[in-house]
Amino acid sequence: MTPIRVLIADDEPSIRSSLRMLIDSDTDMEVVGESADGEAAVESTARLRPDVVLMDVQMPRMTGLEATRIMVADAGGPRVIVLTMFDLDEYLYEALRAGASGFLLKNSPPGEVLHAIRVAHEGNALLAPEVTKRVIGRFAPLREDHRLEHLTARERETLTLIGRGRSNAEIAAELFVTVTTVRTYVSRILTKLQTRDRAGLVVIAYENGLVTPTS
């Protein structure tokens with residue numbers, strides 16, 4: 001199996017060093033580069049083509065959120081996990097709007113960091129349903145996305161369940177279809193809504209009122 005290629009972007013050398021040691025200790029992944037600011041992270045990503053970027057929010061020259069927007073605009077760009085010392089709802093929502101696959105605190109346990117990298121690499125969201133309800137439900141403005149008109153009724157149901165944090169297996173059980181069929185629905189939804197992963201679908205579900213904090 002080819003190791004997951006990871007780039008670390010953080011302006012604190014000690015943070016980069018500790019993350020490198022952790023990631024390189026795992027046989028399933030490797031650190032291919034480090035960057036101390038947002039601009040360098042964008043340049044390194046274009047040159048090294050990592051699978052996943054661990055991105056600090058507050059960095060010199062260019063913020064992590066700005067760098068994330070640039071990276072995910074590339075169709076072949078990496079999955080981005082935003083790192084911060086603070087569990088701030090504003091950062092979390094803006095990170096997801098920027099195209100991040102999820103959000104991780106820098107003091108997260110080592111196992112949680114490694115798990116997050118794997119989950120992001122697979123294209124899944126890194127948000128617990130209760131966090132999603134609190135954050136996206138609070139900050140997401142209701143908007144009308146006309147791309148939803150291209151979804152079939154069953155795809156719309158699937159999108160709603162994704163917004164509620166359901167896994168493919170749970171969606172399959174609820175809709176009385178196979179997991180393979182759900183994967184097909186998810187693939188079609190991602191294509192029609194021009195979104196790279198489930199985190200983006202969760203944001204769209206909330207912004208269009210398919211899911212609300214009380215649902």
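The values are calculated or read from the model by the stated rules, or taken from the named source; none is laboratory data. These figures come from a predicted structure and were not determined experimentally. Methodologically, a virtual Cβ is constructed for each residue, glycine included, from the backbone with ideal geometry; neighbour enumeration extends over all protein chains shown. The area values use the complete protein model at the heavy-atom level, side chains included, leaving out ligands, DNA and RNA. Shrake-Rupley method; radii C 1.70, N 1.55, O 1.52, S 1.80 Å.
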*Calculate, for E122 and E90, the FRET efficiency according to 1/(1 + (r/R0)^6) with r their C-beta to C-beta distance and R0 25 Å; round to the nearest 0.05.*
0.40
*For the chain, calculated [θ]222 nm from helices alone, where every DSSP H run of n ≥ 4 adds -39500 (n - 2.57)*: -15500 deg cm²/dmol
_Folded to 0 to 90 degrees: helix 38-48 orientation relative to the chain principal axis, Cα_ = 80
_If R₀ is 25 angstrom, what is the calculated FRET efficiency for the pair Q58 and T212, using the beta carbon separation as r and rounding to 0.05?_
0.20
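Return one whole number: the accessible area per residue of the chain in Å², for a 1.4 Å probe.
Averaged over the residues of the chain, the accessible area is 48 Å².
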_Over the chain, what portion of Cα pair distances is larger than 32 Å, expressed as a whole percent?_
17
_On Cα atoms only, tilt of 64-73 relative to the major axis of the chain in degrees_ = 60
_R196 versus E43: modelled label distance in nm, points set 7 Å from Cα along the beta carbon direction_ = 2.1
*Angle between the Cα long axis of helix 13-24 and the longest principal axis of the chain, 0 to 90 degrees, nearest 10?*
70
*With unit charges on the beta carbon (Lys/Arg positive, Asp/Glu negative), name the residue among P50, A125, S35 whose Cα is farthest towards the positive pole of the charge dipole of segment 1-148.*
A125
_Once you compute Rg and the Kirkwood Rh from C-alpha atoms, what is the Rg to Rh ratio for segment 9-50?_
0.98
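Using alpha-carbon pairs under 8 Å, 6+ residues apart, how would you state the relative contact order of the chain in percent?
Numbers: 349 pairs, mean separation 34.3, N = 215.
With pairs under 8 Å counted, the relative contact order is 16 percent.
Provide the FRET efficiency to the nearest 0.05 for the T178-T152 pair, computing r from the beta carbons and using R0 = 22 Å.
Working: r = 17 Å, r/R0 = 0.77.
Efficiency for this residue pair is about 0.85.
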*Hey, any idea what % of the chain's accessible area is carbon plus sulfur with a 1.4 Å probe?*
53
